[in-house]
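Following: one structure in structure tokens, then a few remarks.
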Amino acid sequence: MKLLVINGPNLNLLGIREPGIYGEQSYETLKSRVKAHAKARGVEVELYQSNHEGDLVDCIQQAYGHTDGIVINPGAYTHTSIALLDAVKAVSIPTVEVHISDVSKREAFRQVSYIRAACVKTISGHGISGYLEAMDFLIEHNGGAPCR
Ligand code: DQA
């Protein structure tokens, strides 16, 4: 099984950006934890981060036929991007939406998620562990019907 973990804008600045909200662990730590978890669960994983919406769309499109599940934290594009929603719908790969912070308890504009409509699950407010939970969900539901 192969998973793809995608991070959107500003997530490369984890550890630096607003540590009171996003924690003190860096993007490098996130990558190490995701890779270690994949190894422990016996799955392949690829990580991608970009600050550019079109690059994120390209990454999702290129996953078609090569990836069994996507974990995505679209960052601020969560709240604005119909292009990312359409990309996930287009490839039909089971996708879990992850947010480090609990977006449901933050500003009203963060409670809008366009991509959610194409995702099998949303995990919000569990910090970096949320990515690992998303991976577990995809591993356990591999081949299963989408469920929330
Ligand atoms: C975020 C929440 C978004 O609202 C924000 O724009 C981010 C990170 C999170 O992981 O909590 O960049 O997706």
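Data table
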| quantity | calculated |
| --- | --- |
| Among the residues listed as D55, D136, D86, the single one being out of contact with any Phe, Trp or Tyr (no Cβ under 6 Å at 6 or more places or on another chain), of a type in the set (D, E), open to solvent by 70 Å² or more (accessible area, probe 1.4 Å) and not in a strand (DSSP E or B) | D86 |
| Test for I6: is it within 15 Å of the ligand (Cβ to nearest atom), among the β-branched types (V, I, T), under 19 Å from V103 (Cβ atoms) and touching a residue at least 24 places away in the same chain (Cβ under 8 Å) | yes |
| Count of residues meeting criterion [over 23 Å from H141 (Cα atoms), in a helix (DSSP H, G or I) and either in contact with a Pro (Cβ under 8 Å, 6 or more places away or on another chain) or within 10 Å of the ligand (Cβ to nearest atom) (or both)] in the stretch 89-127 | 4 |
| Filter result for L85 (closer than 24 Å to A118 by Cα and either within 16 Å of the ligand (Cβ to nearest atom) or free of Cβ contacts under 8 Å to residues at least 24 places away in the same chain (or both)) | yes |
| Qualifying residues in the stretch 61-82 (those that are closer than 12 Å to G8 by Cβ and over 13 Å from the mean Cα position of the chain (by Cα)) - the one most open to solvent (accessible area, probe 1.4 Å) | T80 |
| Residue in the stretch 110-118 that is aliphatic (A, V, I, L, M) and open to solvent by less than 10 Å² (accessible area, probe 1.4 Å) present | yes |
| Matching option when the condition is at pLDDT 95 or above and over 14 Å from the mean Cα position of the chain (by Cα), among S50, S104, S124, S129 | S104 |
| Pairs where the first residue, in the stretch 90-105, is under 28 Å from I21 (Cβ atoms) and in contact (Cβ under 8 Å) with a residue 40 or more places away in the chain and the second is within 11 Å of the ligand (Cβ to nearest atom) and of a type in the set (D, E), C-beta under 9 Å, 6+ apart | S101/E18 |
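Matching residues to (1) surrounded by fewer than 16 Cβ atoms within 10 Å (Cβ to Cβ); (2) touching a His at 6+ places or on another chain (Cβ under 6 Å); (3) part of a loop (DSSP other than H, G, I, E, B):
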residue	(1), (2), (3)
N12	no, no, no
R17	yes, no, yes
G20	yes, no, no
E24	yes, no, yes
L47	no, no, no
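The values are calculated or read from the model by the stated rules, or taken from the named source; none is laboratory data. From a predicted model like this one, the values you see are computed outputs, not experimental measurements. FYI the Cβ positions are ideal-geometry reconstructions off the backbone, even for glycines, and counts take in every protein chain you see. Ligands, DNA and RNA are stripped out before the accessible areas are found, and what is left, the full protein with its side chains, is counted by its heavy atoms. Shrake-Rupley method; radii C 1.70, N 1.55, O 1.52, S 1.80 Å.
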